[in-house]
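Heads up, the thing below is written out as structure tokens.
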């Protein structure tokens, strides 16, 4: 694998953004906004496909960024969803439901029933209880429903080997259900090549044991997670790249044995988005300068970040001559009334004053959905999409507080 492939996948591209463009985008997005890039998403999908090999099917994990699911539809083979709300969005976006896997730790009979009624063709079973629910919901069905038995990797997801064997040995009474294979979530942000190898060896051993104990030769493994994104300046990028390359190699090797659907979310969309927030105020402190932005941790959080103790990629963009200013060490804080609202501590930025924009890279995955955006009833930022051929689109307008209603 060429070294440039992983670099391209995780290159945020924020250094290409200039003040004039950010000021123009503010007219659509307000003083804080998310900017997603459809072209970058397409390029990331192409790069990941090249790494995994032509035998592997690629699935888009909707929870990583539901706003980009419609853009991904043309370039991936299928989609993974985890909730009734995501199912509703998928139907609104015109996805072919026989290319959708309904995953999720918990499912209700109502959710399963709606999914089957609407035509979802593949379900992941997370427990013996869910298996019984699906059996009940599938009674009388005239069509085949593909099922994946979720194998745990030691966390709260999935079933252990004894539970999977139990189902396979007693499946004959479920005429409408076809047990297609295994669903396996390796976990997120696997940074060690050694850890990746252990997970795949565990999976290979599990497939061997299932075949030996039940006589079932499964058709498919749907494999989720694992590919790491180097969010912070402190991260060892060489180590992350080695883990990614090891994961890709393991997937290619496994695809020689069994069909693979690889679920990708974070690795596809992290670099396809940035977060922009305007500097509103600055304060001098004995320990260094404090920069206050309009947004904060209620609008952007990174996996593994705690109160700014790790430093994400940030660019300060100012107007005119300030672009050539020397660097200074600053602490970036948000607008919330909590001491935890710190984006970065003692980060080196070009001299930054009120009116400048701070651009945060690798903000395309989970940025909108995982934050406590309702805290203190602050304004919710706009979501902007730069499409390949049709320019800028406002996916969600800024949700301002109407002070005239007070």
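The values are calculated or read from the model by the stated rules, or taken from the named source; none is laboratory data. A quick note: this is a predicted structure, and the numbers were derived from the prediction, not measured. In this analysis, Cβ positions are derived from the backbone assuming ideal geometry, glycine residues included, and neighbour counts consider all displayed protein chains.
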Regarding residue 104, is this residue touching a residue at least 12 places away in the same chain (Cβ under 8 Å), surrounded by fewer than 16 Cβ atoms within 10 Å (Cβ to Cβ) and within 26 Å of residue 68 (Cα to Cα)?
no
Please report, ordered by residue number, the strands (runs of 3 or more DSSP E) entirely within segment 27-132 with at least 3 residues that are under 30 Å from residue 175 (Cβ atoms) and touching a strand residue (DSSP E or B) at 6+ places or on another chain (Cβ under 6 Å).
78-81, 100-102, 122-125
Just a yes or no: is a residue in segment 209-221 in the same structural domain as residue 99 (by TED's automatic domain parsing), touching a helix residue (DSSP H, G or I) at 6+ places or on another chain (Cβ under 9 Å) and closer than 24 Å to residue 75 by Cβ?
yes
Which residues, taken from segment 256-286, are modelled with pLDDT of 95 or more, out of contact with any helix residue (DSSP H, G or I) (no Cβ under 9 Å at 6 or more places or on another chain) and assigned to a loop (DSSP other than H, G, I, E, B)?
256
Residues satisfying the stated conditions in segment 214-224, i.e. free of Cβ contacts under 8 Å to residues at least 60 places away in the same chain and either buried (at least 23 other Cβ atoms within 10 Å of the Cβ) or part of a helix (DSSP H, G or I) (or both):
214, 221, 223
Could we say that residue 234 is out of contact with any helix residue (DSSP H, G or I) (no Cβ under 8 Å at 6 or more places or on another chain) and farther than 22 Å from residue 359 by Cα here?
no
Any residue in segment 230-243 that is within 16 Å of the chain's Cα centre (by Cα) and more than 30 Å from residue 376 (Cβ to Cβ)?
yes
Subset of segment 336-380 [modelled with pLDDT under 85 and over 20 Å from the mean Cα position of the chain (by Cα)]:
374, 375, 376, 377, 378, 379
Lone unmet requirement of (1) without any contact (Cβ under 8 Å) to a residue 40 or more places away in the chain; (2) buried (at least 17 other Cβ atoms within 10 Å of the Cβ) for residue 74:
(2)
Qualifying position, being more than 19 Å from the chain's Cα centre (by Cα), surrounded by 17 or more Cβ atoms within 10 Å (Cβ to Cβ) and not assigned by TED's automatic domain parsing to the domain that holds residue 370, among 111, 92
111
Residue within segment 24-34 that is crowded, with 16+ Cβ neighbours inside 10 Å and closer than 30 Å to residue 251 by Cα present:
no
Output the residues belonging to segment 227-254 that are part of a loop (DSSP other than H, G, I, E, B) and either surrounded by fewer than 17 Cβ atoms within 10 Å (Cβ to Cβ) or out of contact with any strand residue (DSSP E or B) (no Cβ under 9 Å at 6 or more places or on another chain) (or both).
228, 229, 230, 233, 234, 235, 236
Within the bounds of segment 125-135, is there any residue that is under 21 Å from the mean Cα position of the chain (by Cα) and loosely packed, with under 13 Cβ neighbours inside 10 Å?
no
If we take segment 297-406, then strands (runs of 3 or more DSSP E) inside it with 1 or more residues that are crowded, with 17+ Cβ neighbours inside 10 Å and without any contact (Cβ under 8 Å) to a residue 40 or more places away in the chain are 342-350
